[in-house]
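Only one structure is covered here, and it is reproduced in the block below.
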Amino acid sequence: MSSCFAKHCVNLCYITFKVMKIVLIGAGNVATHLGRALLDSGHEVVQVWSRTALSAHKLATTLGCDAVTDIGGVRTDADVYILSVTDDALPEIIPELCPLNANALFLHTAGSVPMSCFEGYASSFGVLYPMQTFSKDKHLDFREIPIFVEASDERSQKTVSALANSVSDKVYILDGEGRKWLHLAAVFACNFSNYCCTVAEKLLQKQGLPFEVMLPLLDETTRKLHELSPVSAQTGPASRHDSGVMEMQTRLLSDDSDLVEIYRLISKGIIKNSENNKK
């Protein structure tokens, strides 16, 4: 990663580990994995808040702490409050939450929301964005997950960096503008590719085939990206300019105009990349 884009924080030798009292705001996928990682690292997760009582109590039970569904019932003695909620929920929650503890650090975990969303409500705030796809019941090694951090001031930066380094070996300082582009790249690399897998699954189901036949192909595609650039790793009919195969496959999709358009747009992009790579 370019040094002008992000600064790697592995050598934060001036930061000593400190046990922090943490309240989790949200009980979804990110909060679940982050909460477990924080607990495993020795921090005290003292409370979980969620609008959904079942979710709050389930995560709180896992972490051995209290659960609450009313913002007014959130503890006021925590060191850090981590908001892992939907982007749209942040403007609703922040004005109610931040006045509860003027001395605490407030963080959100969103990829595309600027930390300025806290301005006027908290004096110490920032972002702790773990870039990974999370599912509650799928175990992940959090130490391998890249975390991108940003904070409102130097003291807050040291705290959020120390917190991130306590759960991950891959911590970067990245401002809001860079994080927006990072999140966009992640949408293409992860979310859109997973959507393509859902399309593949439906096509296979029509022929009575299980999706698992795709797994060796997907595994090898991912493995190659550890050694080759995405452009160099590209294969398939579009990369070979095999117009006959592409025309036949668009005919197979003729009952779904959206998929035909997607197929053509992606194929066009692959051809363009292939031509540029030859220059």
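Every number in this text was worked out from the coordinates using simple rules, so none of it is lab data. The model shown is predicted, which means the values in this text are computed figures rather than measured ones. In this analysis, Cβ positions are derived from the backbone assuming ideal geometry, glycine residues included, and neighbour counts consider all displayed protein chains.
So here's what we get for this one:
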| read-out | value |
| --- | --- |
| Residues 183, 43, 241, 139, sorted so that the one with the fewest Cβ neighbours within 10 Å comes first | 139, 241, 183, 43 |
| Of 138/170; 58/158; 202/224; 21/58; 136/224; 58/136, those spanning more than 22 Å from alpha-carbon to alpha-carbon | 58/158; 202/224; 136/224 |
| Scattering curve values for the chain, log₁₀ I(q)/I(0), Debye with Cα scatterers, q = 0.07, 0.08, 0.09 Å⁻¹ | -0.34, -0.44, -0.54 |
| D (Stokes-Einstein, µm²/s), Kirkwood Cα radius, the range 180-278, 1.306 mPa s at 10 °C | 106 |
| Relative contact order of the range 180-278, pairs being alpha-carbon contacts under 8 Å that are 6 or more residues apart, as % | 19 |
| Estimated FRET transfer efficiency when R0 is 35 angstrom, pair residue 207-residue 277 (beta carbons, to 0.05) | 0.55 |
| Neighbour-count order for 137, 79, 153, fewest beta carbons within 10 angstrom listed first | 137, 153, 79 |
| Taking the chain and dividing mean pair separation by its residue count, relative contact order in percent (alpha carbons under 8 Å, at least six apart) | 14 |
| Mean Cβ count within 10 Å, highest first, over the residues of peptides 112-119, 125-132 | 125-132, 112-119 |
| Gain in span if fully extended, residue 262 to residue 61, counting 0.36 nm per residue against the direct Cα distance | 68.0 nm |
| Residue 86 versus residue 183: modelled label distance in nm, points set 7 Å from Cα along the beta carbon direction | 1.5 |
| For residue 136, distant residues with modelled amide H under 5 Å away | none |
| Residues of type aspartates and glutamates that residue 18 reaches as a straight line, Cα spacing below 12 Å, ignoring anything fewer than 8 places off in the same chain | 44, 79 |
| Residue-wise HN-Hα coupling along the range 259-275, computed from phi with Karplus coefficients 6.51, -1.76, 1.60 (Hz; x: Gly, Pro) | 5, 4, 5, 4, 4, 5, 5, 5, 4, 4, x, 5, 4, 4, 4, 5, 5 |
| DSSP beta bridges in the range 118-174 [antiparallel fraction, %, rounded to 5] | 60 |
